[in-house]
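Peer 1: Once you've had a glance at the structure underneath, I'll fire off some questions.
The values are calculated or read from the model by the stated rules, or taken from the named source; none is laboratory data. In this text, all values refer to a predicted model and were calculated from it rather than measured experimentally. Every residue, glycine as well, gets a Cβ built from its backbone with ideal geometry; the counts of neighbours run over all protein chains shown.
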Amino acid sequence: MKLIKKQIPFAIVFVFGMLTLVSYYVPHPKSVAFLDTVSQWENIVSSFAFLLGLFSLFYTHYAKIKKKGDGWGYSLFVFVGFLAVVVPAIVSHGRQMSGSEMTPLGWSFRYIYNTLLATMFAVLAFYIVSTAYRSFRIKSVQAMVLFVAALILILGRVPIGEILWGKALGWTGHSLSGLMNWIVDVPSVAGKRGIMIGIAVGAVVTSLKIVFGIERQYLGKD
Amino acid sequence: MLKKTLELLFNIDRRWLFLLLALSIFIPIVRPLGLPNKNISADVRHVYEKMNSLPPGSFILLSLDYDPSTRPELHPQAMALVRQAFERNLRVGVVTFIPGSTGLIDEVFSTLSKQYNKVYGKDYVIFPYEPNIVAVLTQMASNLYGIYDKDKYGNEAASLPVMKGITNYKDMGLVVDVTGTSSIDIWVQYAGDKYNVPLAAGVTAISQPSYGPYLQTGQLKGLIGGMKGAADYETLLNAPGKGTSGIDALNLAHILVVVLIVFSNLGLFLVKYL
Amino acid sequence: MSHTWMIAGGWLAAGLTIFIFSFLYKDNPFFKIAEHLYLGAGMGWWFQVYLYSIWIPKVADPLRAHQWAVLVPAVLGVSLVTQFFPKISWVSRYGFTFLMGYGAGLAIPTMLSTNFMSQIYGCIQPFTDVSHMTRLGMLNSLIVAVGTIAVLFYFFFSVENKGAVKKISNIGIYFLMAYFGTTFGNTVMARFSLLYGRFDELYSYSGANYFYATQVLLAGMVAYFLVHGLLAKKKPEGGAAN
Amino acid sequence: MKNNRIVCGLFTLFLAAAPVLAAKPAGHAKPVSRPAAKASPAPRTVGLVAEDMPYDVGGALLLRWPVNPADDSGTSYRVYISSQEKGGWLQGTEFPASANKGTDIDLPFWAWDGSASEHALRLDLNGLFGDASPGTVYRVKVSVLQNGAEVAESEVKTARAYGNWFRLDRLNNLVMLIIIVIVFFLAVSHAKRKGLFIRRIAGLDAIDEAIGRATEMGKPIYYVPGIGDMTLVSTIASTFILGEVSKKVAQYDSFIKVPHYDPIVMTVCKEVVKQSYLEAGRPDSYREDINQFISQDQFSYAASIDGMITREKPAACFFMGYFMAESLLLSEVGAASGAIQIAGTDIEYQLPFFFTSCDYTLIGEELYAAGAYLSKEPMLLSALKVQDFGKLVVMLGVSIGLVLVLLGQWQHWHSLVNFVTDIFKAN
């Protein structure tokens, strides 16, 4: 039992980890074909992982409706929303356009899914304003640097920023867009690079732990 | 006294801030303020001038690869480009490589073709969505009818008057890719570099800086970036539209954010030392 | 799609947009409906994406063509679903370990290449052609290199943060802040553009050709809040704000 | 200190090893270019050599011939290729005599020994023949053009393109990987040793304060693990932190809620939390609904949590893991509800929002280190040491590389400059 519960799974991690790792250094068509196949497999397997989420969601809301729990009526709309996209998708075979005509899926993408998605993103604009007023605190020199960089970027992106800059600081001979480009190209590159390198090393080490079966957190307990 | 007022201001219901933002964005939509837009970007001007230098009757190809998610920035750019093309009596072909763009393309042409009395098939043509951009770009180098044998409405493409004398990139005056994806890289790599097609592009403001190198090397003749780019183009065309009202809205909203940050921090400073 | 469908779509889109924005004023049943719809629609969207881009073309079609190799990933995939049955949930390990092995094996060399070696290269490369560099360009490249090292000092965990190390890592923090500032600025603009887009669409649905969808729905929403506010006057407020 | 010695040792090893490894292919390549030397007196002879392009999948040929000193700006070369035994010539490419020198081939010094005194051209077969079938014998020839008119033609050579088994140009990457693996195993095998030092991480000291406050107020704590799946380092790190946080929650007898985006992460977290309650000696307080699945759609996930936070007004919110645009949605609502907020993510462009609206923010790698710092588990600590080693390599690489490159520029030692850049270049 230990064999099929533990050893084989860890053998799978090791074998597939090593093979995909090695394929990076092997240009031979066989290695390319291998990576191709395994990538397709991964696509398929992870699509089933999506089903896990779907089932969980359905189960939660089904249970809520059945129990008539708090706000169970809303749970019905989860299924309505799901069907509002999936039924048109099946009717139109997953295509948003057929010829020049918008299919039912195209319609529900445009007026339901995309509307909801874009509005959710747009709500962020309001939170930005509220953050700016209530929690953007310049309490240290570091935060001041953040603020100044943000200020230059925010103003530099709109024409009125350049006009204000010209009035107030035009005598310096520097343009706002020049300054903006400098910040984007110089100090912020250094900051980003430092973070990226740190993250890359962390990811490599974690991946090594996974391949060698040292990291097992993702499997949970026995 | 001042301290009290300030403290009161800090505890202001944030819904007032929301309302402030909503107004600063909504008012310019209803009534564009036309705040001055003096610094027209050179990269935008290059696109405009390139289009203007084409003799009437030239064929330009637009690759409109944006969907509703990047519409606010890219749709005004596409509108301005087509407007200029129609004004200058250029022939326009449209291709697209993302499925969500089709409704938006219809919107551009249904509005502008009426305004400029342009006829489908004679002055412009729209090709259907194709998923594989690399294959299409390679094919268009020799004979575009190999892929686009029919237009979007199923007409024989080669028989349309608008396509007269057009078989591949050599017959096109300019290609402009308006995109929210990274399709410009593919255009540059598979069409611009290989077959010397004059290329220009319209992109979102966020991705704009990463195309600097292409401009320096001349791989892109010009670049329209974000809402500001669209507004610049409309200014050049002298036809204020959604780009101009958009940049009005952004002007106000950006200033609002800066003012709020400065105000709240100054206030905090005062409260502390009063 | 016919004209009627377009108008119906306009009403629906205007309604959903207003419902979601209404949360900014106060949590309310309409927002909750839109929120739950979004939950379902989001899942539905991904469901159909997987259905038409993976399950049909990459699993069902090959199986019909008797290409049995796809059974391997399909079985591994199905094994994941055993998560729901505690007694046999260990079967799902086969699927997980495959995913993890693949992901880790792919990540190691590519991470090393793009986010590690290339970043070192990126710091050095500008200096390979000093003769063509302006003084300012050279200074900028030097700032990038020094800044990168300083940031790494900040992330160095083996040494106590004091003395010279603290000084250098403090310099690193300034570079981090400059980066955060630019990101903040960029995001501000992207979100505002999006908001402008939503409002613009609402504005277009407010026209006579859409039978004033926006105005009607907005008025309805306001009316709801007024009535609700009057009825619940005595109860304490439990809104979204504050 | 010992660590440093290892680092220096390995680095010199790498520097020393590179030229040795480089010697091999150079020796192999040289005789190939030799036949070019038997030039005939006619000025327009091309000593063409055609072979497989090394280190690739097998879709290209490599053509080399010596530079003719008589070439001027009017000279150009045109390459022809055929897959048939007779005729079938296709024009591969045409270029001026000043282009495509041996030094233009973009391969590092250990994999390529090109000089400016020869032409070297990588001829892509896929572009010319569609999918070139393996094993096809190709015939190639080069003609010389003077002001557009053909003046000479090389002999016809044959070559075959085949798939190679090693990307020698990626040797630097492999060496770096091997070094890291060695250090990794050294560190892991010493993991049992106690007392590995790790510096204080400011945000983490606030955890106790946050939990204490929640207990006092009798309000829940929210722990949001983000929208990543279990394959992401940030999510794995988040589960470790959750383990420590929930242990403290159990000790204080407070209440925690963990809303989930990914069902797999949820199952893992269930185990983690259950284990923590057990270790804290409070298995009776563990409840199944601590972990709840919300949605696998980003914004509905954020909106639902927002709703929950506004309704329940938690005393503390933790946002640890992988976050995208929902970072602001979550942290702003949390801030408005008055909760103590501690965030951590490795998604760089979401950090500013956490940074401005949370009380403490773990930046990038600090999130990875947090689990080790809190649990003091030897295995995690030793992994952190490997990460520090990696960063040390970068710091040294950049500083030493910079000095060497500048030195090379100053003294005009171009081979030194190339040597340094090739070592770090990704191929």
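Peer 1: Looking only at region A:83-103, which residues are in a helix (DSSP H, G or I) and more than 24 Å from C:ILE18 (Cβ to Cβ)?
Peer 2: The answer is A:VAL86, A:VAL87, A:ALA89, A:ILE90, A:VAL91.
Peer 1: If you don't mind, there's one more thing I want to ask. For region A:113-136, how many residues are out of contact with any Lys or Arg (no Cβ under 7 Å at 6 or more places or on another chain), more than 16 Å from B:ARG71 (Cα to Cα) and either assigned to a helix (DSSP H, G or I) or within 8 Å of chain C (Cβ to nearest Cβ) (or both)?
Peer 2: 7
Peer 1: Let me ask something additional. Just checking, which of B:TYR148, B:TYR129 is closer than 16 Å to B:SER183 by Cβ and of a type outside the set (Val, Ile, Thr)?
Peer 2: So the residue among B:TYR148, B:TYR129 that is closer than 16 Å to B:SER183 by Cβ and of a type outside the set (Val, Ile, Thr) is B:TYR129.
Peer 1: Starting from region B:1-23, keep only residues that are closer than 30 Å to A:THR119 by Cβ, then list their pairs with residues that are among the β-branched types (Val, Ile, Thr) whose Cβ atoms are within a distance under 9 Å, requiring at least 6 positions of separation or different chains.
Peer 2: Final answer for the pair search is B:PHE10/B:VAL271; B:ARG14/A:VAL129; B:LEU17/A:VAL129; B:PHE18/A:VAL129; B:LEU20/A:VAL129; B:LEU21/A:ILE128; B:LEU21/A:VAL129; B:LEU21/B:VAL257.
Peer 1: Checking B:SER41 against (1) within 30 Å of A:GLY178 (Cβ to Cβ); (2) under 15 Å from the mean Cα position of the chain (by Cα); (3) within 14 Å of chain C (Cβ to nearest Cβ), only one condition comes out false. Which one?
Peer 2: For B:SER41, the exception is condition (3).
Peer 1: Considering only region C:1-20, state which residues are within 25 Å of the chain's Cα centre (by Cα) and more than 7 Å from chain A (Cβ to nearest Cβ).
Peer 2: Listed by number, the residues that qualify are C:ALA14, C:GLY15, C:ILE18, C:PHE19.
Peer 1: May I pose another question? Scanning for something outside any helix (DSSP H, G or I), within 14 Å of chain A (Cβ to nearest Cβ), among the β-branched types (Val, Ile, Thr) and touching a residue at least 60 places away in the same chain (Cβ under 8 Å), does region B:236-255 turn up at least one residue?
Peer 2: no
Peer 1: Still on this model: Could you look through region D:180-209, keep only residues that are small (Gly, Ala, Ser), more than 23 Å from C:MET117 (Cβ to Cβ) and out of contact with any Pro (no Cβ under 6 Å at 6 or more places or on another chain), and pick out the one that is modelled with the lowest pLDDT?
Peer 2: Here the answer is D:GLY195.
Peer 1: Is it the case that D:MET395 is modelled with pLDDT of 90 or more and touching a Pro at 6+ places or on another chain (Cβ under 7 Å)?
Peer 2: Taking the combined requirement at face value, the residue does not satisfy it.
Peer 1: Taking A:LEU57, is it more than 8 Å from chain C (Cβ to nearest Cβ), assigned to a helix (DSSP H, G or I), in contact with a helix residue (DSSP H, G or I) (Cβ under 8 Å, 6 or more places away or on another chain) and touching a residue at least 12 places away in the same chain (Cβ under 8 Å)?
Peer 2: No.
Peer 1: Select from region B:99-124 the residues that are part of a loop (DSSP other than H, G, I, E, B) and touching a residue at least 24 places away in the same chain (Cβ under 8 Å) and write down the one among them that is farthest from B:SER58 (Cα to Cα).
Peer 2: B:TYR116
Peer 1: Just checking, which of B:THR235, B:THR217 is outside the structural domain of B:LEU21 (by TED's automatic domain parsing) and surrounded by fewer than 20 Cβ atoms within 10 Å (Cβ to Cβ)?
Peer 2: Sole residue among the options that is outside the structural domain of B:LEU21 (by TED's automatic domain parsing) and surrounded by fewer than 20 Cβ atoms within 10 Å (Cβ to Cβ): B:THR217.
Peer 1: From the list C:THR214, C:THR148, C:THR182, pick out the single residue that is without any contact (Cβ under 8 Å) to a residue 12 or more places away in the chain, in contact with a helix residue (DSSP H, G or I) (Cβ under 6 Å, 6 or more places away or on another chain) and either within 14 Å of chain A (Cβ to nearest Cβ) or closer than 25 Å to D:ALA372 by Cβ (or both).
Peer 2: Residue meeting the stated conditions: C:THR182.
Each row is one residue, and each column tells you yes or no for (1) in contact (Cβ under 8 Å) with a residue 12 or more places away in the chain; (2) part of a helix (DSSP H, G or I); (3) surrounded by fewer than 15 Cβ atoms within 10 Å (Cβ to Cβ); (4) within 31 Å of the chain's Cα centre (by Cα).
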| position | (1), (2), (3), (4) |
| --- | --- |
| C:ILE168 | yes, yes, no, no |
| C:GLY172 | yes, yes, no, yes |
| C:MET189 | no, yes, no, yes |
| C:ASP200 | no, yes, no, yes |
| C:GLY220 | no, yes, yes, no |
| C:TYR224 | yes, yes, yes, no |
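Peer 1: D:GLU326 versus (1) away from chain C (no Cβ under 12 Å); (2) surrounded by fewer than 23 Cβ atoms within 10 Å (Cβ to Cβ); (3) more than 24 Å from D:LYS248 (Cα to Cα): which is the lone unmet condition?
Peer 2: Of the numbered conditions (1) away from chain C (no Cβ under 12 Å); (2) surrounded by fewer than 23 Cβ atoms within 10 Å (Cβ to Cβ); (3) more than 24 Å from D:LYS248 (Cα to Cα), the odd one out for D:GLU326 is (2).
Peer 1: Say whether the condition of being touching a residue at least 60 places away in the same chain (Cβ under 8 Å) and more than 8 Å from chain A (Cβ to nearest Cβ) is met by at least one residue in region C:28-35.
Peer 2: Checked against the condition, which is being touching a residue at least 60 places away in the same chain (Cβ under 8 Å) and more than 8 Å from chain A (Cβ to nearest Cβ), region C:28-35 yields at least one hit.
Peer 1: To continue, here is another question. How many of the residues making up region B:238-274 are of a type in the set (A, V, I, L, M, F, W, C) and surrounded by 20 or more Cβ atoms within 10 Å (Cβ to Cβ)?
Peer 2: Residues in region B:238-274 being of a type in the set (A, V, I, L, M, F, W, C) and surrounded by 20 or more Cβ atoms within 10 Å (Cβ to Cβ): 9 in total.
Peer 1: Any residue that is facing another protein chain (nearest Cβ under 8 Å), over 25 Å from the mean Cα position of the chain (by Cα) and either β-branched (Val, Ile, Thr) or crowded, with 19+ Cβ neighbours inside 10 Å (or both) - is there at least one of those in region C:62-70?
Peer 2: yes
Peer 1: Taking B:LEU220, is it touching a strand residue (DSSP E or B) at 6+ places or on another chain (Cβ under 7 Å), farther than 22 Å from B:GLU87 by Cα, part of a loop (DSSP other than H, G, I, E, B) and more than 10 Å from chain A (Cβ to nearest Cβ)?
Peer 2: It is true that B:LEU220 is touching a strand residue (DSSP E or B) at 6+ places or on another chain (Cβ under 7 Å), farther than 22 Å from B:GLU87 by Cα, part of a loop (DSSP other than H, G, I, E, B) and more than 10 Å from chain A (Cβ to nearest Cβ).
Peer 1: Being closer than 23 Å to D:ILE400 by Cβ and at pLDDT below 90 is the requirement here; does C:GLY147 meet it?
Peer 2: No; evaluated as a whole, the condition is false for this residue.
Peer 1: Restricting to region C:84-98, name every residue that is more than 7 Å from chain A (Cβ to nearest Cβ) and surrounded by 24 or more Cβ atoms within 10 Å (Cβ to Cβ).
Peer 2: Result: C:SER92, single match.
Peer 1: OK, next. Do any residues in region D:101-129 that are without any contact (Cβ under 8 Å) to a residue 40 or more places away in the chain have Cβ atoms under 6 Å from those of residues that are surrounded by fewer than 17 Cβ atoms within 10 Å (Cβ to Cβ), where the two are at least six apart or on different chains, and which pairs are they?
Peer 2: Pairs that qualify, where the first residue is without any contact (Cβ under 8 Å) to a residue 40 or more places away in the chain and the partner is surrounded by fewer than 17 Cβ atoms within 10 Å (Cβ to Cβ), are D:LYS101/D:ALA116; D:GLY102/D:SER115; D:THR103/D:ALA116; D:GLY114/D:THR103.
Residue-by-condition table, conditions (1) part of a strand (DSSP E or B); (2) without any contact (Cβ under 8 Å) to a residue 40 or more places away in the chain; (3) among the charged types (D, E, K, R):
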| position | (1), (2), (3) |
| --- | --- |
| D:TRP65 | yes, no, no |
| D:PRO69 | no, yes, no |
| D:ASP72 | no, yes, yes |
| D:ILE81 | yes, no, no |
| D:LYS86 | no, yes, yes |
| D:SER98 | no, yes, no |
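Peer 1: Search region A:96-107 for residues being within 26 Å of the chain's Cα centre (by Cα) and within 8 Å of chain C (Cβ to nearest Cβ), and hand back the single one that is nearest to C:GLN48 (Cα to Cα).
Peer 2: Among residues in region A:96-107 that are within 26 Å of the chain's Cα centre (by Cα) and within 8 Å of chain C (Cβ to nearest Cβ), the one nearest to C:GLN48 (Cα to Cα) is A:LEU105.
Peer 1: If D:TYR222 meets every condition in (1) surrounded by 18 or more Cβ atoms within 10 Å (Cβ to Cβ); (2) farther than 30 Å from C:GLY103 by Cβ apart from one, which number is that one?
Peer 2: (2)
Peer 1: Would you point out the residue of region D:293-322, among those that are touching a Ser or Thr at 6+ places or on another chain (Cβ under 6 Å), within 13 Å of chain C (Cβ to nearest Cβ) and among the aromatic types (Phe, Trp, Tyr), that is surrounded by the most Cβ atoms within 10 Å (Cβ to Cβ)?
Peer 2: Out of the qualifying residues, it is D:TYR301.
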